[in-house]
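Here the structure is laid out as structure tokens; the discussion comes afterwards.
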Amino acid sequence: MTAERILIVEDEVEFADLVRLWLDRHGWQTLMAHDGHEALRLFDGERPDLVLLDIGLPGLDGWQLIDRIRERSEVPVLVVSALGAETDKVRGLGAGADDYMDKPVSFPELIARVQAALRRSRRGAASSPDPGIVMRGPVRIYPQSHRVLVEGIEIHLTPTEFRLLRHLAERPGELVRHRELLQAVWGPAYGDDTQLLRVTMRNLRAKLAAAAPERRFIATEYGLGYRFAES
Ligand code: CA
């Protein structure tokens, strides 16, 4: 198996070199871009398996880059940023990032998150021949083409939002606990990251509500988890 390739987009050269060292040591191939335009050029030329993305960049910034990348591909994007406020996390995940880490980062944690994101992405690719369409009332989920229709309107979900919706919709009426959901959607190491779940759920619900303002598909069981409404 050839090593998976990771594009590091980071304008702080010293930090970028450190990240590269850690990734190299874990056997991945690394590509490096120090500004937004170079990042996009490398992305198009090399088609990396994952992107580690800083937000504050010369040229195109990280937000613009996420948009451009999402027009092209569903590759996992992990934002590593010094901005750090909850609103940035919400914005990053809403814009199509898969995960968000604040600087300063713990490198072992960064490695764990890269591994988890690559694992999810491989699993997604491997399960794509399965045409198991999920139909729940006005919600139609097409795993093969990664499309979701709500009352006939297509909504555009990030890969993470898609997995979250699918996991719940496959268990209609069932209480799915925070921990189970985090581990199923993000990976085994994410059981306690309820903030990540809360933010992604907020974005998912906003997209569902935009298509069907009258309906409420996902109920909150306070302190426990979520339930896909039977319909
Ligand atoms: Ca920066």
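What follows is calculated from the coordinates using simple rules that are stated; it is not laboratory data. Nothing here was measured: the structure is a model prediction, and the numbers come from that model. All Cβ positions, even for glycine, are placed from backbone atoms using ideal geometry, and neighbour counts span all protein chains on display.
Can you check how the C-alpha radius of gyration of region 134-228 compares to 2.2 N^0.38 Å, as a plain ratio?
On the way: Rg = 12.5 Å, N = 95, 2.2 N^0.38 = 12.4 Å.
Rounded to two decimals, the normalised Rg is 1.00.
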Counting only residues 5 or more apart in sequence or on a different chain, those whose built amide H sits under 5 Å from that of residue 31 are 6, 7, 8
Kirkwood Rh over alpha-carbon pairs of region 5-126 plugged into Stokes-Einstein at 37 °C, 0.692 mPa s gives a D in µm²/s of 233
Using just the helices of the chain, give the 222 nm mean residue ellipticity in deg cm²/dmol: DSSP H runs with n ≥ 4 each add -39,500 (n - 2.57), and the total is spread over all residues, rounded to 500. -14000 deg cm²/dmol
Quick one: divide the alpha-carbon radius of gyration of the chain by 2.2 N^0.38 Å and tell me what you get. 1.02
As I understand it, the value is the acute angle between the Cα axis of helix 86-95 and the longest principal axis of the Cα atoms of the chain; what does it come to in degrees, rounded to 10? 80
Low-density loop trypsin sites (Lys or Arg not before Pro), region 183-231, at most 16 other Cβ within 10 Å, DSSP non-H/G/I/E/B, are 215, 216
Helix 36-46 axis, angle to the chain major axis (alpha carbon atoms, nearest 10°): 80
Roughly how tilted is helix 13-25, in degrees to the nearest 10 and between 0 and 90, from the longest Cα axis of the chain? 70
Unit charges on C-beta of K, R, D, E only; dipole of the chain, Debye: 1040
Listed peptides 98-105, 163-170 by packing density, highest first (mean Cβ within 10 Å): 163-170, 98-105
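How big is D, in µm² s⁻¹, for region 162-207 by Stokes-Einstein at 25 °C and 0.890 mPa s if Rh is the Kirkwood radius over C-alpha pairs?
Values: Rh = 10.7 Å.
Rounded, D is 229 µm²/s.
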With θ set to phi - 60° and the Karplus curve 6.51 cos²θ - 1.76 cosθ + 1.60, what are the ³J(HN,Hα) couplings of region 51-66 in order, to the nearest whole Hz, using x for Gly and Pro? 10, 9, 10, 7, 9, x, 9, x, x, 6, 8, x, 5, 5, 5, 4
